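Taking it in order: structure first as structure tokens, then the write-up.
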Amino acid sequence: MRQRMKPSVTFFAVGLVIFVVIQVLLSVGLLNNYWRGIIFWGAAISMVALGLNLIYGFNGQFSLGQYGFYAIGAYTSADITYRWVRGDPSALVVVLVGALLTLAFYALLAVFLRRFYGVTVMTRFTLYVLVTVLAFAIAVTVGVPLLGPLFSTVLGALPTVVSQQIVFLFALLGGASLAGIASFLFGIPVLELGSDYFGIATLGFTIIIKVLLDNTDTLLPFPEMKGARGMIGIPQWTTWPWVFGSLLLVILVMRNVLHSSVGRAIVSVREDERAAELVGIDVATTKVLAFVLGSVFAGLAGGIRAHDLAFLHPQSFNFIQSFNPLIIVVFGGLSSMTGTVVTGFFWIFLLEGVLRLYLPQGFETWRMVVYPLVLLIMMLLRPEGLFGRYEIPFLRRVLPPLPVKAEPAAESAQEVSA
Amino acid sequence: MNGRPEGLSPEVEARPVVLEMAGVTHFFGNLRAVYNFDLVLRHGELVGLIGPNGAGKTTIFNLITGVYQATQGSIRYKDANLLGLPSHEIVQMGIARTFQNIRLFANLTVLDNVRIAYHPHAGYGLVDSVLHTKRFREKEAEMAEQAQEFLEIFGLGERRNDIAGSLPYGLQRRLEIARALAAYPRLLLLDEPAAGMNPQEIDELMDLIHFIRDRFDLTILLVEHRMRLVMNICEWITVMDFGEIIARGLPVDVRNDPHVVEAYLGRQAVDIR
């Protein structure tokens, strides 16, 4: 037993040390705002890439949609806090009530649909879209007038420091759940497609999100997002504990899921879809599950990033950017969580930190020459990624020890029949 | 009754029906792969399905397990209609199969291969997975124990942490059967389990098939090319050619049936005789 505890103890101990060291460095001002931004950005991109690794590395579904969900999380949570600091709780109420109602409706609908058989994908999709619209309509028409003042008074009664943290938590959760809902609705029809088509469809999704973000003030009723001019005035609430906590949460959730029967089902779909189906794995559900979970991670990262940068621009979510998490995942090693996290940080350190600072003036664009070169060299020398399938012990699957043979294999067939 | 041979003992005929296929026809475009296929399996039987290459044997398996949808006819398992059900639901109802060319999860461990098939019986959900609750740990331990039991039966207990793809061929075949059993089937479909095996391995396999049938109270349908296996262990045999049934009966009758000898068995049957 003690031996099996050990990796987790080491993991949390090292985590704590990293947390404290960075916190101290930030507090005494040894890390300036620039490097602070780099670290936070690295953590956010690691979360996005971990989500993609779950979808692509572990479930085998090639996706380019990760930045779309990142954007949804960022804009949603930013809108919640933006309005809140201006005395308007409506976004907070709509997202929270809407998301909770949606989840409740989904659960009911899933139970309802189980009673029928042979319901087509498009029927299910339409029903899920309808209940989502219904949930958010209720949230807007009933939730806001009913709960808006309540939220304002209750949270307003608390000290600002506390209410701010609570609203931030809600904003992060809201962003993550909207990303999850979007990915669920997107995933139902699209995951039935073959893998290549799925990749193209997700690329389309990223582009659609980018176009919508460009037109938030004209097509969509969100003037505060200011469309293609970029959203400013987002409160800068992201602190190191939030960043660290979110990243830790993502790692733990992903690890726990992967180390369970659900995780084995997810991996089996990557290995051989047909064989998985014929040992009784519900392939479609498994794919949707991995996709939604990966997108939720991206949505959470979006909230963290938005409240650190305090500025959001649609251009940072365009489809060229959407290759970043993919490159990180492939670079770090498909289906290696360790590789993804390390590479995520390394990526931002290199591109946005070191190269931006130490290249001579006017040479910043050379970064975009350096990194394809690094990629090329990497693909030639180590095609399986920096870490291959290596995991630190805590994240590694612990296989049960072989049992000590007490009695000879009397159960084995040969002897029984002999 | 259609779908069964003459001359089976009344004791067998009194058992409940497990699988009933009636008038099953399947087209691939204009190619008629299976025509008017009848088959009724009763509980605990060990039945063979043979025929030359391309006769439609594997198609029958694919029709039963929902990989293909039959163009015509009915397929029933116990009291349930299987037509139109997705494969995973059919498997969860109690029909498991193996594949002609082994389809293991080759990059995963032997143990994981078996545990994946156990997933529908895992008994805990996503929330337990995320939180690693007490329920999770208990069920997980139970699962490992069950999987170990299956592996021991197939002589794979010692190799459970090995990568499945690295096992020797014969063991991979055994692992595939172990994985199928982990889905807790009542009906097991074995697609050429003896392919690529030498005579001695086939003898072992015959014992193994008998053993698991009795141990897990299974009904087994077997597609096979190797006469040695089919003639020795099957209680009765259905012979297909070009998608149609050309003979059906006890091994001894089938072997002497002139149609069968002509279509398929040829010299090999003569040798065995």
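All of (1) crowded, with 21+ Cβ neighbours inside 10 Å; (2) closer than 28 Å to residue B:80 by Cβ; (3) away from chain A (no Cβ under 11 Å) hold for residue B:175 with one exception: (2). Counted as qualifying within segment B:71-132 are the helices (runs of 4 or more DSSP H) with 2 or more residues that are crowded, with 19+ Cβ neighbours inside 10 Å, under 22 Å from the mean Cα position of the chain (by Cα) and without any contact (Cβ under 8 Å) to a residue 40 or more places away in the chain, namely B:87-93. Return yes when residue A:182 is over 21 Å from the mean Cα position of the chain (by Cα), in contact (Cβ under 8 Å) with a residue 12 or more places away in the chain and within 22 Å of residue A:91 (Cβ to Cβ) and no when it is not. No. Looking at the structure I just gave you, is residue A:112 within 30 Å of residue A:308 (Cβ to Cβ), of a type outside the set (A, V, I, L, M) and out of contact with any His (no Cβ under 7 Å at 6 or more places or on another chain)? It is false that residue A:112 is within 30 Å of residue A:308 (Cβ to Cβ), of a type outside the set (A, V, I, L, M) and out of contact with any His (no Cβ under 7 Å at 6 or more places or on another chain). Of the numbered criteria (1) surrounded by fewer than 16 Cβ atoms within 10 Å (Cβ to Cβ); (2) among the polar types (S, T, N, Q); (3) under 17 Å from residue A:231 (Cα atoms), the one residue A:76 fails is (1).
Evaluated against (1) β-branched (Val, Ile, Thr); (2) away from chain B (no Cβ under 12 Å); (3) not in a loop (DSSP other than H, G, I, E, B), residue A:320 falls short on exactly one condition, (3).
Does segment A:126-135 contain at least one residue that is modelled with pLDDT of 95 or more, crowded, with 16+ Cβ neighbours inside 10 Å, closer than 20 Å to residue A:302 by Cβ and not hydrophobic (A, V, I, L, M, F, W, C)? The answer is yes, given that some residue of segment A:126-135 is modelled with pLDDT of 95 or more, crowded, with 16+ Cβ neighbours inside 10 Å, closer than 20 Å to residue A:302 by Cβ and not hydrophobic (A, V, I, L, M, F, W, C).
Yes/no matrix, rows are residues, columns are (1) free of Cβ contacts under 8 Å to residues at least 24 places away in the same chain; (2) under 16 Å from the mean Cα position of the chain (by Cα):
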residue	(1), (2)
B:176	no, yes
B:182	no, yes
B:187	no, yes
B:195	no, yes
B:203	yes, no
B:212	no, yes
B:225	no, yes
B:235	no, yes
B:250	no, no
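Of A:152, A:77, A:177, all but one fail to be more than 28 Å from the chain's Cα centre (by Cα) and either in contact (Cβ under 8 Å) with a residue 60 or more places away in the chain or within 21 Å of residue A:291 (Cα to Cα) (or both); the exception is A:152.
The values are calculated or read from the model by the stated rules, or taken from the named source; none is laboratory data. Everything quoted here is computed from the prediction, not taken from an experiment. All Cβ positions, even for glycine, are placed from backbone atoms using ideal geometry, and neighbour counts span all protein chains on display.
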